[in-house]
Every structure is written in C-alpha cells, then in structure tokens.
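Below: one structure, written as structure tokens.
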Amino acid sequence: MSFLNRLKRALTGEGEPGEKKPKETAKTEEPQVKTEPEKPPVEEKEPETSAEEQVTVEVETIPEEEIPEEKEESTEEKTPATDEPLAPVTSESETTEETEPESPEEKPEKSSEEELSEEIDEPAEEPEEAVEEPKKERSESMTLLNADENKITRADIDPRFKEEVMEAGAESVAICFQCGTCTGACPSGRRTPYRIRQLVRRAVMGLKNDVISDDSIWMCTTCYECQERCPRGIKIVDVVKIVRNYAAQAGYMAPAHKAVGSFVLKTGHGVPINDVTMELRKRVGLDELPPTTHTFPEALEEVQTIIKASGFDKLIGYNWEKGELE
Amino acid sequence: MAEQEFAYFLGCIMNNRYPGIEKATRIMFDKLGVGLKDMEGASCCPAPGVFGSFDRLTWASIAARNITIAEDQGNDIMTECNGCFGSLYETNHLLHEDPEMKDKVNKVLAEAGREFKGEIQVRHFAEILYNDVGLDKLAEAVTKPLNLNVAVHYGCHFLKPSDAIGIDDPIKPTILDELVEITGAKSVDYKDKMMCCGAGGGLRSRDNDVTADFTREKLTNMRDAGVDAIINVCPFCHLQFDVGQVETNNKFGTDFEIPVFHLAQLYGMAMGVSVDDLTVDAHQVCVDSALEKCEENLSTLDEITGGE
C-alpha cells in the first residue's frame, strides 16, 4: 500500500510525507551527487550525456520523492533559472538540495502530507523507519547488485569501454536515455534475468568487467525487437554483439559455442553434413555432398586461412596438431 | 520472363539437414524460369548471432569470402535462410558503409587470395519471389491449391534491422502472408506472431532450456489459433520448430504436433513436386495430418467451391 501511495503522490506531483525525507535522500545521495559533477572523467566529452548520467543514477534511487516535489513546489519560481535547454533536469535536482529546506511553501504542505502519511502508512512516531525501510528495498531491487560489497565504485569503471563499444560500430549508444522500451520489447527478458536496458547502461558507464562476466548477455537471440522500437535509433543488437566480443576475448565463451566455432574451422559448416542427410540427398537426386566446402577441400583451406589470419583459432583455443579444442 | 540468374547460397542447415527444401527450390525455380548457379566452395555464412558474437572480424571476413564467390560469377546472391541472409546482407552493407572495416576484412581475405569489391546484392528467396517473380506468375504456377490454415513465422533476420534491409514493415509485415496465400493456404493470425523462435544468437546451443521456452510460447499461440502447419523462411527456425518441437515436448511434457514446412516446401506441394522430393518424411514432427488435409481438399474441392 505505501508503495502505491508513494507512486500516486509521485505521479500527481504531490510531495512526500515527512520533512526528513528530502534530507535523508540528499544524504544517501551525496556521494554520487558530489563525485559526478566534481570530476566527470567518464563522460568528459559529452556534457549532455553526463547530465543524463547523473540523473539516471539519481533516478534509480529516489525518483519519486525529489523530482516531482520540485516541479510542483518550485517550478514557477525556478522556470527562469532552468532556461538552459541542455540540462534542465540536472539543474532541478541540484537546486533541490539547496532550496528545499528554505522554500517557504513547503512547510504548510508538509504538515498536511504528514497527516496523510500517518493515516495511510505508519504510526506517527516512526516516520524515519517507515521512510527508510521501503527505500532500502527499493534501492536493492533497482540495482543489479544485492550485497553491499558488490556496490559499484569508481574502480569498477573502465573509462575507455564506452569508446571501445562506440568505435566498434555502435556510436549511437551514447545517446541512450534509458527509457526501457528495449526491455519492454525483449522476449528473452520475459523469461530470463537478461535486461537489455541495463546492459546498455552498464556498457555506457564503462562497467566492462561487470558486463562481460554476466551470463545473461548470452540470453539475447538477436531478434532485433529492441532495436526496431528504440526511440533513439540505437543499434542495440550491435552493442550486444560487441560486448559479447569482449566477453569472448576475456575467456567467457561457452564450450558449446567453441564447438560450433570448431565445426566451421574443421568443415566450413556450423552444421556439417551427416550420413542420414547424405542418404536423403541421394534419394532426391542431389549430390551426396553439397557443392560447398564439403566438396571443395581447397575452399575449406581458404576458410581456415581466414580463421588463422583473424586469430579465431586462438580465440576458441583450437589445437591444429591434435585437431580439436583444448 | 527475362533471363535471370542468382548465385545460390546454400548455407548449412538446409543442405545438411533438410535437403527437401533445396530440392523443392531447384524444381520450383526451374519451373519459374529463374536460374540458380551453385556457389562452389561456399561455406557457413557464418551465423550472425553466433560468429558475430564471438569475433566481428572473423564473422565479416568469412561472410565476405562467400560474397566474393558470387562477385566472381557476377550474380546477386539468393539465400533462403534468414541467418545466412542476416550475415551476408549485413556484411555486404557494413563493408559498403565502413571503409575502415572493409580494409581490415580485405587484409584478412588477401591471405586467402580474395578481395571484397562490393559489386553484388544479397537477396532473400521470399523477397525475390515477391518482387522479381511476382504473385501473378506464382499463382499461375500453382497446380494443386492447398486448403491449409497455416501460422506464418517470419523469423528475425529476414526483415530486421529494417532500416538497413527495408523489405517490409518489421512490426506488421504482409509479404509472407501474401506469398503463402497464393498457394491457397490461409495465413491465420496468432498472438505474438513476430516473436522469435528462440534459436538465434547462439542461445540454442548454449541454453536450450531458454530456447525451448520461447518455442513453447510460439507453439502454444499457434495451436490456440488452430493451425494445420507452420510456414517459415529460415531453415534454422524450421529446425527449431521441428526438432525443437520434440525437445519442447520432452522438456515441458507438452504434446505439440504441428507440421512444419519451409515456404519452398509449401510451394513445392502447391506446384506438384512429389512429397518424396520434399523429404518431409525425415522431419521429426510428422507432417501427415497436413498432407492428408491437402488430399482431402483436392478430392472434395468441387463441393466446397464458393463455400466461403
């Protein structure tokens, strides 16, 4: 119930119950808010995206409380200030912490809100706990990582990773604004832990090891439903494939996938012919072997030369002498 | 019809598992007066979601090598597999758009004495039927109308990514439904028709349980619509609905038994190719129910004329 109410308040733009809340949220948020504007090394080149980034990080933990409050209570006053078109949201969230306590309009509203919340949520004595507990739950469910020791820190960020993904052919990823349409369209996300929006987000943040070690990146069937619906036209499937390339390089390649690779290496076909099919082919008057690398050994040699030149044999750990995977 | 010839790209699953699709295609194109020239020494496309996921350069280089075989012929490529279409079309497109990648690929290809020039187009079987042969000519070639209710499965890499391919609307396409209905079969709408079969992207080989769960959902929706058969334009989807249907039954205790036909096999049936040549007897899921229904309809065709 309390969640529903909070959501309702957020949607209607009403403020949150309890004076303490804005303060608390400001506290919990401080590390993020501080570090990002002070030293924005991840996104030096794009002020726009870094603005988005700050917002999304914040939004994940406290979206309902702050932003709507801002809009309702102080937009009229601040609209002149938020004229800069590039980072309107950031300016709002920045002003939140400074202006909220001072805002004269808040006081009367808060008291009425408090009453409301007391009736609906929890007894009046424990507004702090009532506020804190669901927030913890929420922040847990909103992040990929549950245990505290798994919290993302600056040390986890590889500042080059985003550039690498972009250079590999998915430049468009920089303009993702995390709307989640992709995840909504994803048939794999309906049945596995795979969340394509998060994958894109983590890739853009530069959480390279976090992304490439995640098994769920292999749950994508490359069906393109996400990409077809992306309102920013991001080549999402390319992002997935590029991230998987890095995963493969780092050794996260499933044995079954190496095996498929070795079939092509050995025969030129990912699905080589078998005896049953050779019989069938003969029966219907086709050559027993198709006119492919199966029939032309010199063609297979060309394929193997290409595989050696690109280093794919090493990638899957193929031992040419033994004629098998290591 | 003007002399037209395509470089016929076989791929893997069609020729190495379902040769009836290849046979039906050769007979059909002969009847339609469209030439098919074998691409001698072609290999795996290689699979877009699999090789593309491992190493982009290897993927593009092997695909580009296949394209150079058609360039030597001076023919556009025809493939009747969505996966092959995806890899070959995408690579062709990529190397046109990205000169840097083209240089990289050509460096690799040079080791094998080949060079990608970018002189030909990559085409999909169904799109050639629709745009080059045309529905009228196809209708003329139908000698045995099929009164089947079928679930059309588009698959993923036939129409998508649509901004690069542009064959039809990727969300609500009609091209395959129109092609199917020329044979007399009726394309029945079903829930989440455009959903993936679940096999792509390396998922089938790596996590078959997840793949089977996709397939179960598709099969459930198809059965709810009361179809007699599934029609696809991709041997990998074909394999997933055929072999994967049995796997799904084993995994989930379901009892699906929906016959599966590639569009080439459906056209083969409608154009009088013998059932033997279609190798449908080698399918894992028995197709007799659909074949019998076709026979029934033939014998009673006069009585039901105008019935609808």
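To the nearest 20 debye, what is the magnitude of the charge dipole of region A:217-311 about its Cα centre, counting +1 on the Cβ of each Lys and Arg and -1 on the Cβ of each Asp and Glu?
440
Which angle between 0 and 90 degrees, to the nearest 10, do you get for helix B:56-73 versus the longest principal axis of chain B when only C-alpha atoms count?
Around 80 degrees separate the two axes.
Would you work out the charge dipole size for chain B about its Cα centre, treating the Cβ of every Lys and Arg as +1 and the Cβ of every Asp and Glu as -1, and quote it to the nearest 20 debye?
It comes to approximately 800 debye.
Given a cut-off of under 8 Å on Cα pairs at least six residues apart, what relative contact order in percent is computed for chain B? Write down the numbers at each step before the final one.
Values: 527 pairs, mean separation 62.7, N = 308.
For chain B, the relative contact order is 20 percent.
Within a 10 angstrom radius of each residue's Cβ in A:242-255, how many Cβ atoms of other chains show up on average? Whole number is fine.
Averaged over the peptide's residues, the number is 3.
Please list B:162-168, B:26-32 highest first by mean number of surrounding beta-carbon atoms within 10 Å per residue.
Ranking, from highest mean packing down: B:26-32, B:162-168.
Express the Stokes-Einstein translational diffusion coefficient of region A:182-326 in µm² s⁻¹, to the nearest whole number, given a Kirkwood radius over alpha-carbon pairs, 37 °C and a viscosity of 0.692 mPa s. Working shown, then result.
Details: Rh = 17.7 Å.
Diffusion coefficient, whole number: 185 µm²/s.
Among B:174-182, A:173-181, B:134-142, B:150-158, how do they line up from the highest to the lowest mean number of other beta-carbon atoms within 10 Å? Write out the running numbers ahead of the final one.
Values: B:174-182: 20.0, A:173-181: 16.8, B:134-142: 14.4, B:150-158: 26.9.
My ranking of the peptides, most packed first, is B:150-158, B:174-182, A:173-181, B:134-142.
Which of B:Cys197, B:Phe241, B:Ser289 sits closest to the plus end of the dipole of region B:143-301, meaning its Cα is farthest towards the positive end, when Lys and Arg get +1 and Asp and Glu get -1 on the C-beta?
Working it through, the farthest residue towards the positive pole turns out to be B:Cys197.
Using only Cα atoms, what Kirkwood radius does chain B have, in angstroms? The partial results should precede the final answer.
Details: mean 1/r = 0.0503 Å⁻¹.
With all distinct Cα pairs of chain B included, I get 19.9 Å.
Could you work out, for region B:62-125, what percent of all Cα-Cα pairs fall into each 10 Å distance bin, beginning at 0 Å and stopping at the bin that holds the largest distance?
Result, from short to long distances: 24, 56, 19, 0 percent.
What average count of beta carbons from other chains do you get within 10 Å of the Cβ of residues in B:93-100?
Numbers: counts 0, 2, 0, 0, 1, 1, 0, 1.
Mean partner-chain Cβ count within 10 Å for B:93-100: 1.
Give, as a single signed number, the net charge of other residues whose beta carbon lies under 13 Å from the beta carbon of A:Glu298, with Lys and Arg counted +1 and Asp and Glu -1. Write out the running numbers ahead of the final one.
Numbers: positive: B:Arg65, B:Arg114; negative: A:Glu301, A:Glu302, B:Glu40.
Charge balance near A:Glu298 sits at -1.
List the extent of the Cα atoms of region B:143-301 along each of their three principal axes, largest first, rounded to whole Å.
So the three principal-axis extents are 45, 39, 28 Å.
Once the principal axes of the Cα atoms of region B:1-135 are found, what is the range along each, listed largest first in whole angstroms?
42, 31, 25
Give me the net charge of B:Gln4's neighbourhood, meaning all other residues with Cβ under 10 Å from the Cβ of B:Gln4; Lys, Arg count +1, Asp, Glu -1. Show your work: numbers first, answer last.
On the way: positive: none; negative: B:Glu3, B:Glu5, B:Asp76, B:Asp132.
Cβ neighbours under 10 Å give a net charge of -4.
So, in nm, how far is label B:Asp276 from label B:Ala110 when the simple model puts each one 7 Å beyond its Cα toward the Cβ?
My value for the distance between the label points is 5.4 nm.
Ignore the peptide's own chain and count Cβ atoms of other chains within 10 Å of each Cβ in A:260-272; give me the average, rounded.
Per residue, the number of nearby Cβ atoms from other chains is 6 on average.
So how much slack lies between B:Lys251 and B:Gln4, counting 0.36 nm per residue of separation and subtracting their Cα-Cα distance, in nm?
84.3 nm is the gain from fully extending B:Lys251 to B:Gln4.
Name the residue farthest towards the positive end of the dipole of region A:279-326 from the options A:Trp320, A:His294, A:Ala309, assuming +1 on Cβ of Lys and Arg, -1 on Cβ of Asp and Glu, about the Cα centre.
A:His294
Here, each number is a calculation from the coordinates, and none is a lab measurement. Not measured: the values here are computed from a predicted model. All Cβ positions, even for glycine, are placed from backbone atoms using ideal geometry, and neighbour counts span all protein chains on display.
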